[in-house]
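Notes follow once the structure below has been shown.
The values are calculated or read from the model by the stated rules, or taken from the named source; none is laboratory data. The shown structure was predicted, so the numbers you read here are calculated from the model rather than taken from an experiment. Every residue, glycine among them, receives a Cβ derived from its backbone with ideal geometry; neighbour counts consider all protein chains shown. Each accessible area value is taken on the protein alone, full model and side chains, heavy atoms only, with ligands, DNA and RNA left out. Shrake-Rupley method; radii C 1.70, N 1.55, O 1.52, S 1.80 Å.
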Amino acid sequence: RRVLLLGEGNFSFAAALCGAPGTHVVATCYESEEEAAGRGGAARSIRRLRDSGAEVVFSVDCTRLKEYFLPGEREFDRVYFNFPHCGRKAGVVKNRELLACFFHSCAEVLAEQGEVHVALCNGQGGTPADRPRREWHNSWQIVAVAAGAGFVLSDVHPFRAETVRGYKCTGYRSQDKSFCVEGALNHIFIRGTPPLCLTPVSCKTQLGSHNVSFQVPQVLVDKINRGFLELNSSHPVRTIKEKLSAGLSQAFPLQNISSCLPLLHQGHLRGVCHSNLFWITLSPGEAPSTEETSQGLPDAVWFSHFGQDTDRNVQGGCPIPKQFYLRPSLLPHAQKIMKKGAFSPGTLHVLSGAVFRRCRITPHSMPVFHEMLIVLTVRRGTEDSCVQMLVDNIKTTTSSLHQGTSGVKPSINLREATSFGTELNDFAAFECQLGEIQHFLCVGTDPGPSGSCVGVIRTAPDELKSSELVVVSASLNLDLLAMLLCGISDWRMLWTSDRRFLQQFPEGELRLFKSFSLYPPSYVHDVSFWVPDGEEFDEVAFHTLARRVSGEMVVSIQLRDSFQQPGTGRRSLCYRVTFQSCDRALGCREAAEMQLRFREEIQQQLGVTLR
């Protein structure tokens, strides 16, 4: 491998590396050869480097690296820059600028899978790894400046000078003097995933007996048809689904409903808020008649009015009603199958697939996740024991999986619906809109925190076959389960295209996730505006616009102020928007551009007046 060392003082660090087998060292410094050789021990180290076959290059500016190497010699596997400094009494701002230019230059000479190692004195980096940690404005902000050049921090560990044979630090205030490296840290950077180019995507699906196409909502372009549950997938959501199915099959006869479940629903589900659905317009000329589609779609209630529930598109001078939306649940599909008499009493039927729900932005609120729906028809009077058997089986499997990843036995609780009050996370709150719930299934290290609700259980009479039968159904959020079992703090990581995510999960094996992007920088922007007179502000639409404009780079939106102007009654809202990526580099300039686009979009799409 090719190793590049920058800013060498006396070349003692480079000399310690030059003997490593299979390593070609290129050691450089900013000074001329004459100036560098005058430092204590430098001449000896330079001779050692040259005798071992290493290259030694002088007068190298770390901000213009590609100028010193031919195109075929620019692919370095590792770049070291120990204790960079502008020299003398340069302050934090100048040193940040140096690092920013260095990282941009480094991106031009680093191999695709290469690493950049930057050692800084204690406190300079500005990350939580520093002890003590400086205030952000008084640090070099190394993770943020690296992000501007497309790098993420993959690891940070103590810089142990005593383990590098013969190493002696030098260069204190541009002099041949040593400096304190106690508590110094080595920061290891890798290239982040390139920005996504989210071009419009058309999706084909079955509607009754017709094949139709529609344009996928932009916030879902990188999430539609990802195949996480397919046979060749090693994604943790599939592993969890397979483990749960295997456990359940030990207690019940089990049948997987493997037929292709329609992506679209028609009309509207009773009780579900319109703004929580992803409404779809079919491609022109493809919309089949109501009679044709009713054969293949779950029953729904038609809207009897136009207005905000109609598309802006017009055919023949009349607005087109919003008839179709992406499935928010698999429950209507199960009900449709039951009507056909395809569910056998006593057999556990399992449906699974991605479902789509517009929601606010929080670390555990997902516009798309994988649902596992378990349906069982039993005789009246036995439903309670069947629910308990079902829950016990899920508990056993989940506990086994959690202990296998973390070694800690989790708290798994079945809570009565009445015990939750208003403490529902978005998953549970939406499930309540779909119908009455008897129990919530919660997983966590503490009993029943609201954010840990991963499933709901319903019981209802089977009115289609016999009054003696009761239908028991359990809906599980596989994505939330994967987060809790694998220690994943941000749902967006489950959908990353970065191969380093799936590399941590060999097929059929769950492990604790180790983030490959540590301490990602965050950027805070405020936006305030006047709400149109006489209209309710659609906060879900506001959050969805933030998702779309930023490409899921907004991690938090908080209402900071609500003001009503005396006399006119006009209402003004102020929100704080925090931009942060969990898997790729996000620089401050890119975040600022996203904020500007967001301001333009909310003005055009929501009709607000910016302040």
Hey, residue 218 in contact with a helix residue (DSSP H, G or I) (Cβ under 7 Å, 6 or more places away or on another chain) and either in the same structural domain as residue 430 (by the TED database) or within 30 Å of residue 168 (Cα to Cα) (or both) or not
yes
Qualifying residues in region 144-197 (those that are modelled with pLDDT under 80 and closer than 16 Å to residue 123 by Cβ) - the one least open to solvent (accessible area, probe 1.4 Å)
179
Just to verify a result, which residue in region 201-219, among those that are touching a Phe, Trp or Tyr at 6+ places or on another chain (Cβ under 9 Å), open to solvent by less than 80 Å² (accessible area, probe 1.4 Å) and not hydrophobic (A, V, I, L, M, F, W, C), is nearest to residue 544 (Cα to Cα)?
217
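Taking the stated definitions as given, is residue 222 at pLDDT below 90 and either open to solvent by 20 Å² or more (accessible area, probe 1.4 Å) or outside any helix (DSSP H, G or I) (or both)? So that I can check it myself, show each step before the final result.
Numbers: at pLDDT below 90: no; either open to solvent by 20 Å² or more (accessible area, probe 1.4 Å) or outside any helix (DSSP H, G or I) (or both): yes.
Here the answer is no, as residue 222 does not meet what is asked.
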Is there a residue in region 589-611 that is within 24 Å of residue 490 (Cβ to Cβ), part of a loop (DSSP other than H, G, I, E, B) and within 19 Å of the chain's Cα centre (by Cα)?
no
Counting just the residues of region 66-101 that are part of a helix (DSSP H, G or I) and over 26 Å from residue 56 (Cβ atoms), which one comes out most open to solvent (accessible area, probe 1.4 Å)?
94
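With respect to residue 489, is the statement that it is farther than 16 Å from residue 237 by Cα, open to solvent by 50 Å² or more (accessible area, probe 1.4 Å) and part of a loop (DSSP other than H, G, I, E, B) true?
no
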Counting only residues that are modelled with pLDDT of 75 or more and under 21 Å from residue 386 (Cα atoms), which one in region 314-342 is farthest from the chain's Cα centre (by Cα)?
338
Evaluation of residue 120 against (1) closer than 26 Å to residue 194 by Cα; (2) surrounded by 18 or more Cβ atoms within 10 Å (Cβ to Cβ); (3) of a type in the set (A, V, I, L, M) (one fails), failing number
(1)
If we keep just the residues of region 1-53 that are open to solvent by less than 50 Å² (accessible area, probe 1.4 Å), out of contact with any Leu (no Cβ under 7 Å at 6 or more places or on another chain) and assigned to a strand (DSSP E or B), which is farthest from residue 119 (Cα to Cα)?
4
Taking the options 478, 484, name whichever one is within 27 Å of residue 457 (Cα to Cα) and modelled with pLDDT of 95 or more.
478
Within region 406-430, which residues are under 19 Å from residue 482 (Cα atoms), open to solvent by less than 40 Å² (accessible area, probe 1.4 Å) and modelled with pLDDT of 75 or more?
425, 427, 428
Strands (runs of 3 or more DSSP E) enclosed by region 343-417 - at least 2 residues per element that are within 21 Å of the chain's Cα centre (by Cα):
348-356, 368-379
Residue satisfying all of: in region 386-403; open to solvent by 70 Å² or more (accessible area, probe 1.4 Å) and among the hydroxyl-bearing types (Ser, Thr, Tyr); modelled with the lowest pLDDT among these:
400
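Of everything in region 516-566, what is of a type in the set (A, V, I, L, M, F, W, C), in contact (Cβ under 8 Å) with a residue 24 or more places away in the chain and outside any helix (DSSP H, G or I)? Give them in sequence order.
Kept after step one, since they are of a type in the set (A, V, I, L, M, F, W, C), are these residues of region 516-566: 516, 518, 524, 527, 529-531, 537, 540-542, 545-546, 549, 553-555, 557, 559, 563.
In the following step, the residues that additionally are in contact (Cβ under 8 Å) with a residue 24 or more places away in the chain were identified as 516, 518, 524, 527, 529-531, 537, 540-542, 545-546, 549, 553-555, 557.
Within region 516-566, 516, 518, 524, 527, 529, 530, 531, 537, 553, 554, 555, 557 qualify.
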All but one of (1) more than 26 Å from residue 154 (Cα to Cα); (2) loosely packed, with under 14 Cβ neighbours inside 10 Å; (3) of a type outside the set (Lys, Arg) hold for residue 540; state the number of the condition that does not hold.
(2)
Starting from residues that are among the aliphatic types (A, V, I, L, M) and open to solvent by 10 Å² or more (accessible area, probe 1.4 Å), keep the ones in region 362-379 and report whichever is nearest to residue 279 (Cα to Cα).
366
